[in-house]
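Only one structure is covered here, and it is reproduced in the block below.
Derivation of every value follows stated rules applied to the coordinates shown; laboratory data play no part. All of these numbers come straight from a predicted model, not from anything done at the bench. Methodologically, a virtual Cβ is constructed for each residue, glycine included, from the backbone with ideal geometry; neighbour enumeration extends over all protein chains shown.
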Amino acid sequence: MTPRSPLSDEALLDQLQRAAFGYFLEAVNPANGLVADNSRANSPASIAVVGFALSSYPLAVERGWLGRDEAVRLILATLRFFHDSDQSGRADATGFKGFYYHFLDIGTGKRAWRSELSMIDTALLVAGMLTAGRYFAAASADETELRAIVEALYLRIDWQWSQGGAETIRMGWKPECGFLHYGWDGYSEAIVLYVLALGSPTHPLKGDCGCYHAWTATYQWENLYGHDFLYAGPLFVHQFSHAWIDFRGIQDRFMREKRCDYFENSRRATEVQREYARRNPQRFTGYDENCWGLTACDGPSNPLPQSAHTARRLFGYAARGVPYGPDDGTLAGWAPLASLPFAPDRALCALRTMLQRYPQMRSDGRLSSSFNPTLNDASGDVWVSPGHFGLDQGIVAVMIENHRSGLIWRLMRDCAHVATGLRRAGFRGGWL
Amino acid sequence: MTQRNPPDPTATQDAGDIERLANVHPARWRNPTPADHYALVVIGAGTAGLVAAHAAAALGAKVALIERNLLGGDCLNVGCVPSKAIIRTSHLYADMRDAGQYGAQTPADIRVDFAAVMQRMRGIRARISRVDSVQRLVAAGVDVFFGQARFGASDWLTVDGAKLRFRKALIATGARPDTPAIPGLVEAGFLTNENVFDLTELPRRLLVIGGGPLGCELAQAFCRFGAQTTIAQRWPLFLPREERDAAQLLSDAFVRDGIEVRLNTTAVNVRVAGGQKLVDLVSEGHESTVAVDAILTGTGRVPNVDGLDLEIAGVEYDTTTGVRVDDFLRTSNPRIYAAGDACLQDKFTHTADASARIVVQNALFLGRQRLSALTIPWCTYTDPAIAHVGLYVRQARERGIPVKTFTVPMHEVDRAIADSEEAGFVKIHVRERTDRILGATVVARHAGEMINEISLAMVAGIGLRTLARVIHAYPTQAEGIKKAADAYNRTRLTPAVRSLLRRWLR
């Protein structure tokens with residue numbers, strides 16, 4: 001076991017959570033609430049990052065990091081922007097059918113990078129809206145308006161359209177070519193998407209639970225490294241839906257059959273990550289059972305400066321996963337932290353080990369998107385992803401909160417749309 | 001029976017090709033005088049036709065075999081045999097390139113002699129053609145006719161002016177490449193499996209359209225020979241039928257090889273300018289153009305059902321799916337059966353072989369053997385290769401079968417580590433809470449060899465529990481299968497069993 005730093009776990013988590021939340025205040029455009037995808041120059045806004053920002057404002061108010069009035073002002077700016085945004089679906093609009101383009105110009109709010117109209121990222125955005133709507137429950141005019149807009153934005157999403165005539169939800173749509181011609185295959189972070197889409201009183205998915213079962217029919221229950229689990233390679237898949245939904249003790253048909261639940265499954269996923277890192281089949285520097293975290297993150301790209309490893313292929317921003325990769329020696333320090341609720345001891349041990357070995361992975365108090373100990377320069381400094389990414393900070397802020405107080409889970413347990421969606425997907429038991 | 005594009009005029013006939021053609025379509029061949037009546041007339045002398053003809057003749061039946069082109073069909077002439085021969089050479093070039101990871105020196109000057117590669121292939125093809133030769137058929141008592149068969153009624157047909165009466169007939173006419181409807185493609189000229197093995201020079205730049213088995217195998221081989229290769233696949237992954245992880249590993253391998261991978265991409269137009277082929281590609285609304293010297297298409301196969309006058313014989317067919325057969329491989333005319341690519345969805349040589357054996361039993365001996373009872377493995381011979389048998393997880397779940405997968409990454413297998421061949425896995429799917437094998441996928445350099453053990457287990461009804469008792473030679477890559485079986489055994493140690501064991505051993 002790595003020697004502990006003088007900071008207590010609670011103090012360390014408080015520092016990291018506050019720093020993570022701080023990203024949103026630094027990266028937000030207060031005029032429209034849009035938040036930059038990352039801290040690098042000219043970054044567009046990501047709607048998923050906005051979703052995490054909206055989910056984080058309540059915890060910041062609760063912890064005294066942000067005044068309630070200031071939070072409401074930011075959230076209202078965000079909601080009003082989306083409410084009034086161009087929904088024509090044109091190439092330079094903001095959205096269509098209640099969905100939004102993945103990346104938006106942070107100033108104008110128009111589509112950036114010819115990005116796709118994204119179903120999953122819209123779901124993460126709306127999950128954030130619903131979280132804010134549950135927390136800001138006062139009778140004041142502002143908070144009343146806040147809740148009304150949240151409801152309106154949720155109700156106007158045409159989830160049925162997003163099936164594109166197929167059984168399952170399409171991944172995206174572009175004005176240039178229509179629906180991207182593939183759906184979701186295998187377990188992914190999409191449970192929250194299906195739950196929100198099934199829970200809609202206005203445009204629920206066609207086929208009711210059939211579409212959810214059509215998606216879960218692509219699941220693979222695997223025994224890997226001695227652990228039975230619902231397989232998905234990248235760790236974020238086992239985390240994102242859990243930011244909002246408390247899966248402890250509730251089961252859908254698949255999990256009932258497997259005598260498991262998604263929360264326990266995510267715990268096992270951390271074990272599989274540890275086992276992979278311990279084996280370290282590609283013999284990267286630093287990997288062991290306390291240094292792991294293969295997930296979607298930034299990473300080095302070819303050609304590399306100051307590297308003796310030019311023969312090795314590097315993947316840039318990619319969904320890294322275990323056990324089949326892609327793996328180029330890049331680890332995300334925030335990934336174990338986002339698994340804190342599932343495996344607190346494992347996660348904290350990994351975090352402390354990585355921080356001690358590679359303190360460069362933390363800057364401005366925040367964890368970088370990734371680091372790669374196999375790649376180091378002449379002075380021995382490991383490669384570290386420059387700046388910070390909003391998604392990483394968002395999942396860290398929210399999952400630390402769920403670990404500390406369960407606030408976000410509690411708020412969303414009381415959200416009728418989520419409960420309805422879960423029931424329609426076949427979830428039963430536990431708090432439901 | 002194959003219907004080939006005209007041979008490439010630049011193709012040379014060396015000793016290998018001369019021997020092969022002497023075996024599979026002698027220039028001076030004269031069709032025999034037909035017998036009064038045949039117990040079985042086989043149309044098409046590809047794998048299915050040859051197997052049926054030999055099997056029926058060996059059992060004493062009077063058999064006629066009709067072929068309009070080359071005995072041996074696609075497999076021998078333009079399919080499995082030539083492709084595997086050149087793939088083997090491409091492996092060697094890849095190993096030379098990767099010599100450093102084996103602690104060896106990469107040769108300073110690796111030159112690809114493409115003509116030598118193709119000459120070796122022709123030699124191999126000639127050698128294997130001896131098995132399919134007309135001389136061997138004649139010696140077995142089969143009457144061989146070259147020409148186009150046409151039905152004249154439900155019990156006779158003609159070939160080269162001769163009338164052949166039959167008690168039973170087998171349609172084994174095979175399939176041919178489907179030409180994608182891309183404007184300008186035909187005018188620009190393109191390669192398929194039917195003429196790619198006639199090449200005498202390596203194209204400097206190659207575009208492969210289609211990410212099925214043929215496209216994937218040849219894209220990798222040609223890339224390893226040094227062709228600047230792009231592969232355009234309209235779906236998100238290659239080999240859409242296979243497991244996502246398998247296809248993903250293949251994508252990664254392609255990129256490692258230096259293939260330019262274009263997924264979710266459709267070719268929409270081809271034109272020729274300045275002696276090169278310009279192909280317009282569209283991917284999610286983004287348009288781009290690639291300039292290449294050759295285009296290879298591998299976008300599916302269509303059955304050969306044309307020109308046979310099947311209507312006259314009362315044989316129902318579809319130009320896309322082929323001759324309609326029941327589970328006993330009987331067509332809508334009870335005298336006539338079909339086998340192989342002409343009627344089957346799974347267009348593999350070994351399936352053609354197995355289906356032909358069913359037809360011989362069912363047509364000549366009142367057998368009731370069913371196609372659906374077959375356990376059919378298959379393999380795509382990329383590097384790593386991807387092999388599968390039985391059900392996919394998705395298929396099992398759609399049928400309401402609870403399924404659990406025992407996964408062993410190849411990096412857990414000592415021999416794979418020793419061979420530096422760790423990319424891949426063994427996944428064996430069983431019915432949950434039993435050891436009954438439903439199916440398996442193996443991704444490994446020698447996956448095609450490894451899948452046979454699992455096929456054997458499935459056919460013999462052997463479960464993982466028994467497989468775990470089978471001693472595997474150490475070290476072999478097939479030990480991955482044993483490890484999956486061991487993993488199953490460990491799951492039998494439930495907490496209750498562990499507790500009992502502890503008490504016993506106290």
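Quick rundown of the values:
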item: Sites B:Thr319 and A:Arg253 - FRET efficiency at Förster radius 56 Å, r taken between beta-carbons, to 0.05; result: 0.85
item: The range B:47-91 and the range B:363-427: distance between their alpha carbon centers, rounded to Å; result: 25 Å
item: Relative contact order (%) - criterion: Cα under 8 Å, at least six apart; region: chain B; result: 14 percent
item: Residue-averaged [θ]222 nm for chain A, counting only DSSP H segments that reach four residues, each worth -39500 (n - 2.57); result: -12500 deg cm²/dmol
item: Karplus-derived 3J(HN,Hα), 6.51/-1.76/1.60, for each residue of the range A:322-332, Hz, glycine and proline x; result: 10, x, 9, x, x, 9, 10, x, 9, 10, 9
item: Distant-in-sequence amide H partners of B:Ile336 (H built 1.01 Å from N, under 5 Å); result: B:Ala169, B:Thr331
item: Most mobile listed residue (A:Ser85, A:Ser140, A:Ser405) in chain A, GNM with C-alpha springs under 10 Å; result: A:Ser140
item: Average Cα contact separation per residue, the range A:67-156, under 8 Å, 6 or more apart, as relative contact order %; result: 26 percent
item: Antiparallel %, DSSP beta bridges [both residues in the protein assembly as shown], to 5; result: 70 percent
item: From phi via Karplus (6.51, -1.76, 1.60), per-residue ³J(HN,Hα) for the range B:29-37 in Hz, x at Gly/Pro; result: 5, 10, 5, x, 6, x, 6, 4, 7
item: Built amide H within the under 5 Å cut-off of B:Val208, gap 5+; result: B:Thr230, B:Ile231, B:Ala232, B:Leu296
item: Expected-Rg normalisation [2.2 N^0.38 Å, Cα atoms] applied to the range B:185-299; result: 1.00
item: FRET efficiency estimate (nearest 0.05) - Cβ-Cβ, A:Ser379 to A:Asp9, R0 35 angstrom; result: 0.65
item: Kirkwood Rh and Cα Rg combined as Rg/Rh, the range A:199-341; result: 1.04
item: Square roots of five times the Cα gyration tensor eigenvalues for chain B, Å; result: 39, 33, 22
item: Rg and Dmax of the range B:384-495, Cα atoms only, in Å; result: 13.2, 41
item: Euclidean distance between Cα centres, the range A:208-236 to the range A:82-121, Å; result: 31 Å
item: Pairwise centroid distance, computed over Cα atoms, of the range A:20-75 with the range B:278-350, Å; result: 56 Å
item: Two-decimal ratio, the protein assembly as shown, of alpha-carbon radius of gyration to 2.2 N^0.38 Å; result: 1.05
item: In nm, spacing of pseudo-spin labels at A:His181 and A:Thr144 (7 Å Cα→C-beta vector); result: 5.2 nm
item: Computed over chain A, the ratio Rg/Rh where both radii use C-alpha atoms and Rh is Kirkwood; result: 0.95
item: Contact order relative to length of the range B:384-495, as percent, for alpha carbon pairs under 8 angstrom and 6 or more apart; result: 30 percent
item: J(HN,Hα) series, the range A:102-113, from Karplus relation 6.51 cos²θ - 1.76 cosθ + 1.60, nearest Hz, glycine and proline x; result: 4, 10, 10, 5, 5, x, 8, x, 8, 3, 10, 6
item: GNM result for chain A, Cα springs below 10 Å: residue of A:Lys206, A:Lys110, A:Lys258 fluctuating most strongly; result: A:Lys258
item: Built amide H within the under 5 Å cut-off of A:Asn38, gap 5+; result: A:Gly390
